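The values are calculated or read from the model by the stated rules, or taken from the named source; none is laboratory data. Owing to the predicted nature of the structure, the values given are computational and were not obtained by experimental measurement. Cβ: placed from backbone, ideal geometry, glycine included. Neighbour counts: every protein chain shown.
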Amino acid sequence: MVHEVPTMTAERFDPAAADAKWQRAWDEAQAFRADSASARPTSYVLEMFPYPSGRIHIGHVRNYTMGDVLARYKKLNGFEVLHPMGWDAFGMPAENAAMEKGVHPGGWTRANIDHMKAQLKRLGFALDWSREFATCDPEYYGHEQALFLKLYAAGLVYRKESEVNWDPVDMTVLANEQVIDGKGWRSGAPVERRKLSQWFLKITDFADELLEGLGRLDAWPDKVRLMQENWIGKSTGLQFAFDLSNGERLEVYTTRPDTIFGATFVAVAPDHPVAQAVALNNCEAARFIDACKRGGTTAAELETAEKLGFDTGIGAVHPFTGAHLPVYIANFVLMEYGTGAIMAVPGHDSRDFEFATKYGLPIPRVVAASLEEAAEPLAEAEAGEGVIVNSDFLDGMSVEEAKREVIARLEGQGRGQGRTVWRLRDWGVSRQRYWGTPIPFIHCAACGIVPVPERELPVTLPEDVDFRTPGNPLERHPTWKHIECPGCGGPATRETDTLDTFVDSSWYFLRFASQPADRPFDKDELAKWLPVEQYIGGIEHAILHLLYARFWTRALQHIGLIDVAEPFAALFTQGMVTHETYSREQGGREVWFGPDEVERSGAGATLKADGGPVTIGKVVKMSKSKKNVVDPDAIVDRFGADAVRWFMLSDSPPERDLPWSEAGIEGCWRFVQRLWRLFDFADAAGADPALDRKLHRTIDAVARDIEALAFNKAVARIYELTSAIEKAAPSASRAAAIRTLAQLVAPMMPHLAEEAWARLGQPGLVAQSAWPAVDPALLVEDEVTVAVQVRGKLRDTLTVARGLPGTELEALALASDKVQRSLDGAAVRKVIVVPDRLVNIVA
RNA sequence: GCGGGUGUGGCGGAAUGGUAGACGCCGGGGACUUAAAAUCCCCUGAGCCUUGCUCGUGCGGGUUCGAGUCCCGCCACCCGCACCA
């Protein structure tokens with residue numbers, strides 16, 4: 001597939017020439033510039049902007065190709081389309097590069113952006129580059145600082161001393177969301193707990209709204225909505241106080257007040273004040289608490305962790321029965337959730353069951369399938385629905401009735417009240433890093449925390465920094481942080497923490513839509529574009545990025561800066577690009593080879609270097625360690641942008657993984673050439689009604705498939721139409737079909753489409769043409785094939801005029817030889833006729 | 001453990017309860033060519049007693065004239081969460 005022939009011929013499409021030519025033509029025509037003043041209906045198509053790591057990954061190519069098809073299609077349909085691109089440019093890798101290679105994070109980042117931008121340009125994406133920005137541009141992060149100060153003024157930003165997740169390798173604080181199985185999401189190092197003063201965003205103020213809003217995001221994947229719902233973690237229940245035998249009171253929280261008569265013990269977290277108090281005079285208790293703290297926090301350790309408890313000897317008085325329940329310190333109770341203390345109901349909670357079994361505590365049943373089964377023993381905790389039993393005044397009630405009754409009674413006693421508890425915590429945004437947005441605050445010994453005055457924004461990063469020692473270079477910088485207090489004029493210091501980079505990506509879609517110099521955005525201009533009509537990206541952002549972006553949007557709406565509540569009307573999460581792996585046992589270990597080191601034939605594969613066989617392994621996500629990566633530049637060089645784009649859209653549904661294969665891309669390359677040859681035809685006269693129908697059905701189907709993001713189906717339709725055109729005899733219909741085909745493939749193969757459009761003598765750019773109109777009369781066939789079944793099994797088919805009455809269809813079906821043979825003389829009992837589709841004869 | 005998803009030829013996958021396997025890849029056969037590449041045509045779920053018949057959408061049941069599709073019960077794999085009271 002080497003392109004020795006540099007010129008375009010009727011027989012051969014040359015992407016090396018065509019791609020650059022049309023990319024230049026689009027640039028010169030500013031074909032994809034979004035005009036906020038346009039009178040057309042608007043459409044905002046957005047793909048998650050990339051982190052400038054150095055090179056575009058094939059996953060980016062898939063993501064951006066999907067968005068591009070949609071954006072181009074929308075434009076053909078008369079929309080003013082906003083399809084922007086930029087760079088999520090702050091973050092750790094730039095600092096790592098600075099530490100490893102001695103380069104400046106800014107220089108490293110900008111060089112990466114330049115390279116990746118050139119890579120994206122080669123793929124011919126219909127992007128409005130005039131709106132490009134990087135989040136590390138002082139203009140961008142300066143506006144971010146202004147927004148942060150506005151949220152502060154509105155009481156949505158606060159500072160508190162708190163125990164934080166400290167990553168000892170990256171030497172920074174992590175949000176709860178960035179701790180995975182007790183390890184840092186980037187470094188993988190076990191996270192430590194430290195006390196630090198941190199900046200927080202009050203996302204919990206919006207917990208209810210964020211949860212409720214999910215219900216209206218019906219163009220989001222259910223999976224993502226569910227993940228966010230679980231993350232927000234709303235639960236409703238009862239908080240009430242037990243009187244303790246030592247004269248104190250103990251607040252507990254439960255979601256199952258209906259099971260209160262089944263409570264047989266009370267448990268507190270090891271760091272609960274009650275536990276701490278006991279430990280003061282009891283060294284055995286202190287030792288137990290210490291042991292609990294040493295327990296691991298990884299998933300595996302938690303799963304196997306035994307339920308352990310320490311009996312404090314204190315009794316808790318049951319509010320209804322007056323019974324004294326033992327109070328335990330228990331390792332499975334969390335201080336961070338609820339009140340850090342629980343009423344334990346072993347009969348109906350699996351953890352309590354396990355604990356009670358171990359310590360020989362009673363396990364009464366208080367919920368049963370029916371009143372008759374009140375005495376049935378419990379073999380395991382039953383958390384389901386049922387009727388309340390063995391519970392005094394609750395007996396016979398449903399779970400829901402009993403919950404209401406218990407809450408009402410304890411509220412009446414002034415002992416407790418109904419309460420909603422959330423799993424969601426406030427978002428800690430302080431990072432002890434250099435390469436991020438400086439948090440615009442000043443610490444003054446006299447005035448305390450002072451916001452940087454707006455006229456002094458942006459607070460820019462100093463250029464002269466040193467990365468030879470770990471930690472925050474801003475902290476060590478000789479002059480940067482020393483400043484006069486804007487309040488009292490005395491000596492003060494700047495905040496040296498920078499913002500979590502997820503803040504940068506929480507409002508970039510607003511800045512794309514509107515970018516005045518003096519403000520973050522213009523409210524009226526935003527109203528023209530927002531919400532994003534279609535957002536496309538990876539499932540890995542289902543919680544963090546998407547929840548934060550939703551929060552920022554709501555917070556900005558709350559303070560009146562914008563008029564939208566939800567930033568992304570529709571969300572699509574695309575699958576990964578995968579590739580088979582090649583390996584060989586060598587010196588007792590598995591050695592991996594890249595696709596370019598291997599010769600792949602039908603059944604097997606050999607290593608180019610020595611001709612020996614290699615094992616073809618599983619098709620998995622592309623990764624450096626397995627060496628199963630393909631480089632976008634290399635494949636664009638070989639096959640051109642259109643074949644690569646076509647591959648990205650073919651075969652696999654876009655939400656599933658797409659296995660890359662050499663054979664597959666070669667097939668796409670052949671199709672590009674096959675299409676090209678089709679455009680070499682002589683005009684002819686005469687109609688071809690069958691081809692007309694095929695064409696219009698294809699236009700209609702491709703449009704619906706693109707709108708549903710079912711690109712693989714659109715691709716299949718285009719293959720079918722191409723075959724039909726190839727087989728058709730020359731006619732005016734055929735000529736029209738070929739012209740229309742150029743438009744149908746324009747969103748997917750824009751370069752070939754432009755070249756063909758020009759070759760056919762059509763005016764202007766196909767990218768700016770109008771999507772072909774469908775003639776509804778041509779969507780229906782005048783002949784249909786009807787299936788004829790006997791006892792539900794296919795025996796024959798009939799080709800008849802569409803709309804043939806059922807009685808006639810039935811007669812034709814019964815007259816069929818094949819039907820009669822199959823019936824073999826049996827009496828017909830019933831005939832089901834579905835006009836234009838099928839006849840089923842039941843004998 | 002809880003929650004969610006997926007399961008269809010050698011592979012990626014089509015299929016408003018109505019002809020299972022569209023379309024692509026791989027493979028096979030043929031045409032063209034001195035030859036190869038490219039291109040074009042045909043075949044390609046399995047089996048059999050091959051005008052045709054039987055079986056076939058993870059497994060077992062069910063509803064229906066008719067089930068890949070709906071219902072019940074399993075199995076396998078993938079993803080998310082993780083002692084959240």
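Residue by residue, here is whether (1) under 25 Å from A:Leu211 (Cα atoms); (2) of a type outside the set (A, V, I, L, M, F, W, C) holds:
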residue: A:Phe512; (1), (2): no, no
residue: A:Trp529; (1), (2): yes, no
residue: A:His545; (1), (2): yes, yes
residue: A:Phe551; (1), (2): yes, no
residue: A:Val591; (1), (2): no, no
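In segment A:822-843, which residue that is surrounded by fewer than 13 Cβ atoms within 10 Å (Cβ to Cβ) and without any contact (Cβ under 8 Å) to a residue 24 or more places away in the chain is nearest to the chain's Cα centre (by Cα)? Across segment A:822-843, the extreme among qualifying residues is A:Val834.
Okay, residues lined up against (1) more than 16 Å from RNA strand B (Cβ to nearest atom); (2) at pLDDT below 95; (3) surrounded by 17 or more Cβ atoms within 10 Å (Cβ to Cβ):
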{"position": "A:Phe551", "(1), (2), (3)": "yes, no, yes"}
{"position": "A:Arg554", "(1), (2), (3)": "yes, no, yes"}
{"position": "A:Pro567", "(1), (2), (3)": "yes, no, yes"}
{"position": "A:Gln574", "(1), (2), (3)": "no, yes, yes"}
{"position": "A:Val591", "(1), (2), (3)": "yes, yes, no"}
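Within the set A:Val191, A:Val266, A:Val224, the sole residue that is among the β-branched types (Val, Ile, Thr) and farther than 30 Å from A:Glu540 by Cβ turns out to be A:Val266.
Figure legend. Inter-residue proximity from segment A:486-505: first residues farther than 17 Å from A:Trp199 by Cβ, second residues buried (at least 22 other Cβ atoms within 10 Å of the Cβ) and not aliphatic (A, V, I, L, M), beta-carbon distance below 9 Å, spacing 6+ or different chains. Indicated pairs: A:Ser505/A:Phe49; A:Ser505/A:Thr135; A:Ser505/A:Tyr548. Scanning segment A:776-810 for residues that are surrounded by fewer than 12 Cβ atoms within 10 Å (Cβ to Cβ), more than 9 Å from RNA strand B (Cβ to nearest atom) and farther than 15 Å from A:Asp836 by Cβ yields a count of 2.
Matching residues to (1) touching a Pro at 6+ places or on another chain (Cβ under 7 Å); (2) among the small types (Gly, Ala, Ser):
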{"position": "A:Ala513", "(1), (2)": "no, yes"}
{"position": "A:Trp529", "(1), (2)": "no, no"}
{"position": "A:Thr553", "(1), (2)": "yes, no"}
{"position": "A:Ile559", "(1), (2)": "no, no"}
{"position": "A:Ala570", "(1), (2)": "no, yes"}
{"position": "A:Thr581", "(1), (2)": "no, no"}
{"position": "A:Glu590", "(1), (2)": "no, no"}
{"position": "A:Phe593", "(1), (2)": "no, no"}
{"position": "A:Glu597", "(1), (2)": "no, no"}
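Just one of the listed residues (A:Lys117, A:Lys74, A:Lys121) is among the basic types (Lys, Arg), under 24 Å from the mean Cα position of the chain (by Cα), farther than 22 Å from A:Ser505 by Cβ and modelled with pLDDT of 95 or more, namely A:Lys74. Among the residues of segment A:814-828, the ones that are over 14 Å from A:Leu794 (Cα atoms) and near RNA strand B (Cβ under 9 Å from one of its atoms) come to 0 in all. Just for segment A:301-354: of the residues that are of a type in the set (A, V, I, L, M, F, W, C) and assigned to a helix (DSSP H, G or I), which one is surrounded by the most Cβ atoms within 10 Å (Cβ to Cβ)? Applying the filter and picking the extreme gives A:Phe353.
When segment A:342-364 is filtered for residues that are within 7 Å of RNA strand B (Cβ to nearest atom) and over 16 Å from A:Ser235 (Cβ atoms), only A:Ser350 remains. Could we say that A:Asp524 is out of contact with any Gly (no Cβ under 9 Å at 6 or more places or on another chain) and either within 15 Å of RNA strand B (Cβ to nearest atom) or more than 23 Å from A:Ser43 (Cα to Cα) (or both) here? No: the conditions fail for A:Asp524.
Restricting A:Ala275, A:Ala267 to residues that are in a strand (DSSP E or B) and either polar (S, T, N, Q) or crowded, with 21+ Cβ neighbours inside 10 Å (or both) narrows the list to A:Ala267.
Contact annotation: residue pairs with Cβ atoms under 7 Å, 6 or more positions apart or on different chains, pairing a residue in segment A:98-119 that is over 16 Å from A:Asn472 (Cα atoms) with a partner that is charged (D, E, K, R) and assigned to a helix (DSSP H, G or I), are A:Gln119/A:Asp633. For segment A:13-34, the set of residues classified as in a helix (DSSP H, G or I) and touching a strand residue (DSSP E or B) at 6+ places or on another chain (Cβ under 8 Å) is empty. In segment A:721-735, the count of residues that are within 18 Å of A:Thr65 (Cα to Cα) and near RNA strand B (Cβ under 9 Å from one of its atoms) is zero.
This table checks each residue for (1) within 15 Å of A:Arg256 (Cα to Cα); (2) in contact (Cβ under 8 Å) with a residue 40 or more places away in the chain; (3) not acidic (Asp, Glu).
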| site | (1), (2), (3) |
| --- | --- |
| A:Phe320 | no, yes, yes |
| A:Tyr328 | no, yes, yes |
| A:Val333 | no, yes, yes |
| A:Val345 | yes, yes, yes |
| A:Ser350 | yes, no, yes |
| A:Ser370 | no, no, yes |
| A:Ala381 | yes, no, yes |
| A:Val389 | yes, no, yes |
| A:Gly396 | no, no, yes |
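Starting from residues that are under 28 Å from the mean Cα position of the chain (by Cα) and of a type in the set (Lys, Arg), keep the ones in segment A:634-670 and report whichever is nearest to RNA strand B (Cβ to nearest atom). Looking at residues that are under 28 Å from the mean Cα position of the chain (by Cα) and of a type in the set (Lys, Arg), I get A:Arg656. Taken as a whole, the structure leaves A:Gly487 outside the set of residues that are of a type in the set (Gly, Ala, Ser) and either closer than 30 Å to A:Gly233 by Cα or outside any loop (DSSP other than H, G, I, E, B) (or both).
Within segment A:671-687, how many residues are more than 10 Å from RNA strand B (Cβ to nearest atom), within 30 Å of A:Gly78 (Cβ to Cβ) and surrounded by fewer than 18 Cβ atoms within 10 Å (Cβ to Cβ)? The total comes to 3. Elements of the type strands (runs of 3 or more DSSP E) sitting completely within segment A:556-674 and holding at least 2 residues that are of a type outside the set (Gly, Ala, Ser) and under 30 Å from A:Ala513 (Cβ atoms): these cover A:571-574. Of all residues in segment A:563-588, those that are closer than 30 Å to A:Val45 by Cβ have Cβ atoms under 9 Å from Cβ atoms of residues that are surrounded by fewer than 22 Cβ atoms within 10 Å (Cβ to Cβ) and polar (S, T, N, Q), 6 or more apart or on another chain, in A:Asp563/A:Gln557; A:Val564/A:Gln557; A:Ala565/A:Gln557; A:Gly575/A:Ser652; A:His579/A:Ser661. All of A:Ala341, A:Ala330, A:Ala381 fail the test of being within 18 Å of A:Ala241 (Cβ to Cβ) and among the hydrophobic types (A, V, I, L, M, F, W, C), apart from A:Ala341. Among residues that are modelled with pLDDT of 95 or more, in contact with a strand residue (DSSP E or B) (Cβ under 8 Å, 6 or more places away or on another chain) and under 29 Å from A:Ala189 (Cα atoms), A:Thr172 is not included. Here A:Ala690 fulfils each of the conditions (1) in contact with a helix residue (DSSP H, G or I) (Cβ under 7 Å, 6 or more places away or on another chain); (2) away from RNA strand B (no atom under 12 Å from the Cβ); (3) part of a helix (DSSP H, G or I) apart from (1). In segment A:239-256, which residues are outside any loop (DSSP other than H, G, I, E, B) and either of a type in the set (S, T, N, Q) or more than 8 Å from RNA strand B (Cβ to nearest atom) (or both)? Correct list: A:Gln239, A:Phe240, A:Ala241, A:Phe242, A:Asp243, A:Leu244, A:Arg249, A:Leu250, A:Glu251, A:Thr254.
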